[in-house]
Structure formats: structure tokens, C-alpha cells
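Step one of this worksheet: look at the structure below.
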Amino acid sequence: MNIIELVLDEMQEMMGIQAISIVENPAIEEDFVALKTQKVEFATQNDEKRILMGAALIPNKPIYRRNGEDEFYVYFSKDTIRKASELFFQNGNQNKSTLEHEAELQGLSVVESWIIESEEKDKSRLYGLEMPVGTWMVSMKVNNDDIWNNYVKTGKVKGFSIEGYFVDKVNFAKQEMELLEEQEAELILAQIKAVIKSDKRRKTGKRTELESYSDYPKSVSNNAKRGIDLNLKVNNKCATDVGKIRAQQLAQGKPVSVETIKRMHSYLSRAEEYYDEGDTKACGTISYLLWGGKAGKRWAESKLKELGQL
């Protein structure tokens, strides 16, 4: 069964956690605890704080999902959980809640939020909650009599469940790679137009010569060749035409212009986060190799410094 990492696409307006639902069977399989006040001297009776404390997201915990006939697990990394928790408040969603992901509720607000930094010293331990480091904990105030009396006190709801928008990391990486390569294609086109325009102004009828270099190490060519081979194994689905052309150029040891070296350095620097040496089927890995991989990045950086271009 597939296990898919979900991540944030922070460029999308509707992204991240939009609401927190109180449910009977939380997907993360962790109950919250209902907190009540201790008796105070000036009170005549015990007043309930009506605060629920529990885990909203637990890192690296597989969560079962079903989409039609497809069954799979999803999970969130510590980094994604932290970003999602911050985005939740930045978007002002602390007063948005639902019951069993259906009915919108009034009178429920997240009043406290934190990421567990220490398993031994975290506040949640005081209430019998044993969550791993990186867990997003929330405390929710319930100012809704019906929910408190008929759902919380009766045990009809037992935990939190998030509602929001995330993306499959593999598909997201592929889309990001394609976007980066499209940007590189636009730069190439702009350069060609500039050369043509310059030639027309000179009216010499001569072509402008672009200084080029082919002294990149064999490891750059080998990475490109490996990227080509890996891409063939996945039916050549990864990378745009720009990336595939660049790979053929590097694999054959052909010279590249200074502008191309700049684009190599820019592309490889930005796309490095999607490279996973252990995942040879991922488009992020394949596209990175097509452009020369880490060896290509090192060479491009060194060459640009040598030429005084970086």
C-alpha cells in the first residue's frame, strides 16, 4: 500500500489547515483530554473551564485514506506540521471548527497552540498525553453548551481531526521542476531575442559568438547520462524538453555558454531540495541529475567565480 507524504504549497491561497473538527474517531488515533479548573477560594462551586487539549497532527504517523477503490496512507513531516500550525493562525482560522467534518460550529476557539519540543518536559505530560517530539498540540475553548454537554461530557467526541488542503510531495516536486525548467526556457528565449536584436542593430551580417566551456568534470556528464537512463525507466515522464536537451548536451560533453552555466547554477541551487539520492523514480531526483546533479552545481559555481560572474 502506498505511503504518501503531504506538504504545503504555500503559493496557493487555499492551502493548509482551514478548520479543526472534533470527532469520535480521530484519524491520528489520539484522544484529547477535557480540562477543568480546580476549586478556587472565591468560588462557590467548581466551574468548568471547558477546554479540550489534544494532538492536531503527529509527525510521521501513517494515516489511512481511501479514494474510491484506492487505499493508501498519508503522513506529515515535522517541518510541514510546524509550517501548517503557523499558517493556521496567520490565516485567522482559530475560530473555525466543525463536528465530524460536517456541521460548522459556533463558540469553539483554539486558545493555545504549541509544538512538542521535549517528551519529558512538555505540558501535555501533565495530562497523561504522551506524544512524540514535533507533534502539534492545541487547546480548544468550548463556549457551546450543546457541544460541551451532549458531545464532550458524554464521550461522543474523543479527539481532533484537521480539515485543510495539502499536496502530494512527489507530484508537487514534479510540478515545481517543470515550472523551474519553463523559467529556464523563457530565459533562453530572451537571450536569443537579445542576440538577434543586437545583430540587427550592428547590421554587420555577422553572428554574435557566445563564449562557451566544456571543461566540466566527467561526473557531470555521468550524472546527466544516469538521469537520461532513469527517465527512460519511468517512460521519459520527468522534465521538460529544456531539461532533456540540457542532459543530452552534458552527456555528450558539448560546450555550454556562460549564460547556460548561470542557468545551471540557478536551477540546481533551487531544485536541490527535491533531490533524493535514494529515490531513483522521483522526478525531482531525475530532473536534478539531467542538469548535472551536485557535481554540475559545484562546477557551475566554481566556473562562475573563476569568470567573475558570481
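Select from region 122-161 the residues that are of a type in the set (Phe, Trp, Tyr) and at pLDDT 85 or above and write down the one among them that is surrounded by the most Cβ atoms within 10 Å (Cβ to Cβ).
To start, the set of residues in region 122-161 that are of a type in the set (Phe, Trp, Tyr) comprises 127, 136, 148, 151, 160.
This time we only want the ones that are at pLDDT 85 or above, so: 136, 148, 151, 160.
Values: Trp136: 25, Trp148: 18, Tyr151: 20, Phe160: 27.
The residue in question is Phe160.
Against the test of being at pLDDT 90 or above, of a type in the set (Val, Ile, Thr) and either out of contact with any Asp or Glu (no Cβ under 7 Å at 6 or more places or on another chain) or more than 24 Å from Glu5 (Cβ to Cβ) (or both), the options Thr280, Thr208, Thr285 yield a single qualifying residue, Thr280.
Inclusion of Gly134 among residues that are in contact (Cβ under 8 Å) with a residue 60 or more places away in the chain, over 30 Å from Glu273 (Cβ atoms) and of a type outside the set (Phe, Trp, Tyr) is not warranted. Where residues in region 276-303 are of a type in the set (Gly, Ala, Ser) and closer than 18 Å to Gln249 by Cα, which of them is surrounded by the fewest Cβ atoms within 10 Å (Cβ to Cβ)? Filtering first and then ranking leaves Ala295. Of all residues in region 270-298, those satisfying the criterion of being more than 16 Å from Arg226 (Cα to Cα) and touching a residue at least 40 places away in the same chain (Cβ under 8 Å) are Arg270, Ala271, Tyr274.
For region 114-129, state whether one or more residues are of a type in the set (S, T, N, Q) and in a loop (DSSP other than H, G, I, E, B).
To start, the set of residues in region 114-129 that are of a type in the set (S, T, N, Q) comprises 118, 124.
Add one more test, that the residue is in a loop (DSSP other than H, G, I, E, B), and what stays is 118.
The answer is yes, given that some residue of region 114-129 is of a type in the set (S, T, N, Q) and in a loop (DSSP other than H, G, I, E, B).
Hey, could you check region 74-103 for residues that are in a strand (DSSP E or B) and either among the hydroxyl-bearing types (Ser, Thr, Tyr) or at pLDDT 90 or above (or both) and say which is nearest to Val23 (Cα to Cα)? Filtering first and then ranking leaves Leu99.
Listed by first and then second residue, the pairs linking a residue in region 254-269 that is part of a helix (DSSP H, G or I) to a residue that is among the aromatic types (Phe, Trp, Tyr), with Cβ atoms under 8 Å apart and 6 or more places separating them unless they lie on different chains, are Val258/Tyr213; Ile261/Tyr213; Met264/Trp291; Tyr267/Trp291; Leu268/Tyr288; Leu268/Trp291.
The values are calculated or read from the model by the stated rules, or taken from the named source; none is laboratory data. Quick caveat, the model's predicted, so the values are computed rather than measured. Every residue, glycine as well, gets a Cβ built from its backbone with ideal geometry; the counts of neighbours run over all protein chains shown.
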